[in-house]
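What follows is a set of notes on a single structure, which appears directly below.
Every read-out reported here was derived from the displayed coordinates using simple, explicitly stated rules and does not represent laboratory data. The shown structure was predicted, so the numbers you read here are calculated from the model rather than taken from an experiment. No Cβ is skipped: glycine too gets one built from the backbone with ideal geometry, and neighbour counts run over all protein chains shown.
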Amino acid sequence: MTGAAEHLSPASLHTAVARLVRVRRRGLARRAAVGGILLAVVLVAFAVSLSTGDFVVPLVDVLATLTGGGDAGTRFVVLDLRLPRALLALLVGACFGLSGAVFQALLRNPLASPDVIGVSSGAAAAAVLATLVLGWSGLALSALALLGALLTGAAVYLLAWRKGVSGYRLVLVGIGIGTGLSSLVSYVMTRSEVTEAQGLFLWLTGSLNGRSWTHFWPLLGGAALLLPLTLVAARALPALQLGDEAAGGLGARVEPGRLAMLACATALAGLATAAAGPVGFVAFVSPPIARRLLPGHGAVLVPAALTGAALVLSADYAAQHLLPGTQLPVGIVTSLVGAPYLLWLLARANRVGTGG
């Protein structure tokens, strides 16, 4: 009894609370530091993408052009050619990064990202059908790609649902549906004209080549709506990560909360795919990179979005300048990063016996 009284004494309780506050402050400080570093990396990659190229523009002139100055040639290069592409890369990466973080945290599976479970394949299949079969383009094409992602996500969820959703079951169902959609895309492309198929092949790799302001504004409008909605819906994520029974015991609305987050994450992936094609592995590798920087900090949604933005900006810069005189699709560069990580993850899961 004496030990219990001492354990509950005001002095001991004050010490425990003070220790908890210190730990919390250190966690917040680390999160703020990592977020600041990631934001700085994004800004540096953004500035470099505006400044360098076949026509080098000093950063001072870039800033002057962005604030309304600069000569006609500099304004054309910076404002018409490079700025929309860089902004697209930033938003596409942020959408993919946040989408992948929600999928992986909610399903508690490192393989659960939109490009692995078929969501990106659904958007790509819808875009191919819209272009080659219906002859659509522009906003109609983007809308149908987004609808394709949402329908694919709904189909994967319904087929994987068995009084709840298991992460590995959803991944396996998604891989199956994604493979079927990829086969459909291949069939449609083999029946199309060579010139049309060649252009679509580059888009299916994931490309920002030739992107302009007409591609940016629909993405900005969708991202302005979906990014904050996703963060609001993710407030239920800490409870849902404990499991359905524990979350229900804590008063969380399990199924509506899960559906809201999956719908937002699916829409983000579809929106990014509609703008730049299915840029591979960005949604897959951005969350684990963010978690490595912030171990023990939960889902790290905002750091994952910043990581995705930095990754796509850097990969697109490399795609433009890796081979002199040739602009590669950005998806080739991101695949060079993501494919080895996927192989390592599968090998590690097999070694520890958690392969499914």
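The table below gives the values:
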quantity	calculated
Cα gyration tensor category, rounded, prolate or oblate, for region 96-176 with a/c compared to 1.5	prolate
Degrees separating the helix 138-160 axis from the principal Cα axis of the chain, which is the longest one	40
Cα centroid separation - region 82-124 against region 306-332, whole Å	16
Mean residue ellipticity (222 nm) of the chain, computed from DSSP H runs ≥ 4 via -39,500 (n - 2.57), nearest 500	-25000 deg cm²/dmol
Sequence ranges 134-145, 229-240, 312-323, 119-130, ranked by mean other-Cβ count within 10 angstrom, highest first	119-130, 312-323, 229-240, 134-145
Residue-by-residue Karplus 3J(HN,Hα) for region 92-98, coefficients 6.51, -1.76, 1.60, Hz, glycine and proline x	4, x, 5, 5, 5, x, 5
C-alpha long axis of helix 167-190 to longest principal axis of the chain, angle in °	0
Rounded, prolate or oblate (a/c below 1.5 giving rounded, otherwise prolate when a/b exceeds b/c) for region 233-356 by Cα gyration tensor	prolate
Cα-centred dipole magnitude for region 26-352, charges only on beta-carbon of K, R (+1) and D, E (-1), debye, nearest 20	1140
Interatomic Cα distance distribution for the chain, bins of 10 angstrom, percent	5, 23, 31, 22, 11, 5, 2, 1, 0
Under 5 Å, built H, 5+ apart or other chain: amide partners of V116	none
Relative contact order of region 106-149, pairs being alpha-carbon contacts under 8 Å that are 6 or more residues apart, as %	43
Rounded to 10°, Cα long-axis angle of helix 119-132 versus longest principal axis of the chain	20
Relative contact order [Cα under 8 Å, 6+ residues apart], region 26-352, whole percent	30
Dipole magnitude (debye, nearest 20) for region 10-139, charges at Cβ of Lys, Arg, Asp, Glu	1100
